[in-house]
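Below you'll find the structure, written out as structure tokens, and then a few comments.
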Amino acid sequence: MARFRMMSVTSLEASARTVADAVEDRWSGCVSVIVPVYNEAAHVDGLLRAIHASPVKKEIIIVDDGSSDGTREKLQSMPLAGDVTVVFHEMNCGKGAAIRTALEYARGEYVLIQDSDLEYDPQDYSALLQPLERREANVVYGVRPDRPERGLRFFLGAKLLTHLANLLYGAGIHDEATCYKVFRRSLIAQVRLECHRFEFCPEVTAKLCRMGEKIAEVPVSYVPRSAGEGKKIRHSDGWLAIWTLLRYRFSRSSRWTRLTAHKLQPPFLVSFVRLPAE
């Protein structure tokens, strides 16, 4: 009887190890593509097609940030693939807020930020992931072409923020404001983010530099969108970005670093969640 009990325990342990190994294999090398969405009913179909077409192992996490143009209804009615998670914020909170919520659902080895307007091409994912896969870096930024095609104000504003990040943090980067930021998930999980809007970019740059991380860079393609076409960043976001870079240069890092894992708890009110089948 004792021998039977021992064999049963051994069998259970072996089964548990098999399940654990399967879970590890599922997420090893996988990138969690985080997509903050706000009033993008006209683009969300094409966006998902483009992300699915990227030749990398991935899951997609869409956070609708209080859309009022039919985006939410479209996401609810669309036949979504099994690797897509959809979350609705109860109200509009901002891009940074949507990223913070999405991070709570991310399971991949890496995390990549994808804007919903397709100014950036998901075909660049493979190149962005290479420095991480080769263990040359824990953070990778996609560098846009150095041309003022996005508009002189946005171009010069991005230049200013890049120079400020290099001056304050010795970041050694060429495009601080790029959307394409990719992180090893184990690293970004250590950072307690406070952003709500577009200050996510300077905040994460500042904090990772303060943690001693070297940011690798990869050139990416870029097709800018105008304000008339739905671009949402405003002048006030530029001033907030400057303040964010200054603020975290002199704050104590102990206030915004996590030493232990935390339970799933979205930081903003969520009204709908659609999880993929396991």
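In this structure ASP237 has an accessible area near 10 Å², from a 1.4 Å probe over the protein heavy atoms. In this calculation the C-beta distance from ARG192 to VAL273 is compared with R0 = 22 Å, giving a FRET efficiency of 0.45. Placing unit charges on the Cβ atoms of the charged side chains and taking the dipole of the chain about its Cα centre, the candidate lying farthest along the positive direction among ILE173, SER77, ALA50 is ILE173. Across the range 141-154, rounded Karplus estimates of 3J(HN,Hα) from the backbone phi angles (6.51 cos²θ - 1.76 cosθ + 1.60, θ = phi - 60°) give 10, x, 8, 6, x, 7, 9, x, 5, 7, x, 4, 5, 5 Hz, Gly and Pro being marked x. Return the inverse of the average 1/r over all pairs of distinct C-alpha atoms in the chain, which is the Kirkwood hydrodynamic radius, in Å to one decimal. In the chain this quantity evaluates to 19.8 Å. Spin-label model, LEU118 to ARG252: label points 7 Å out along the Cα-to-beta-carbon direction sit 4.9 nm apart. Heavy-atom accessible area for LEU193, with the other protein chains in place and a 1.4 Å probe, reaches approximately 20 Å².
Among the listed pairs LYS58/LYS95; LYS74/LYS159; LYS57/LYS159; LYS74/LYS95, those with a Cα-Cα distance over 27 Å are LYS74/LYS159; LYS57/LYS159. THR244 sits with roughly 10 Å² accessible to a 1.4 Å probe, with DNA, RNA and ligands left out of the calculation.
In a fully extended conformation the segment linking ARG225 and LEU160 would gain 21.4 nm over its present Cα-Cα distance, using 0.36 nm per residue.
Here the chain exposes an accessible surface that is 57 percent carbon and sulfur, computed with a 1.4 Å probe and the other protein chains kept in place. For the range 165-213, the solvent-accessible area of protein heavy atoms averages 33 Å² per residue (probe radius 1.4 Å; ligands and nucleic acids excluded).
The values are calculated or read from the model by the stated rules, or taken from the named source; none is laboratory data. Computed from a predicted model, the values in this text were never measured in an experiment. Virtual Cβ from ideal backbone geometry, glycine too; neighbours counted across all protein chains shown. SASA here: full protein model, heavy atoms, side chains in, ligands and nucleic acids out. Shrake-Rupley method; radii C 1.70, N 1.55, O 1.52, S 1.80 Å.
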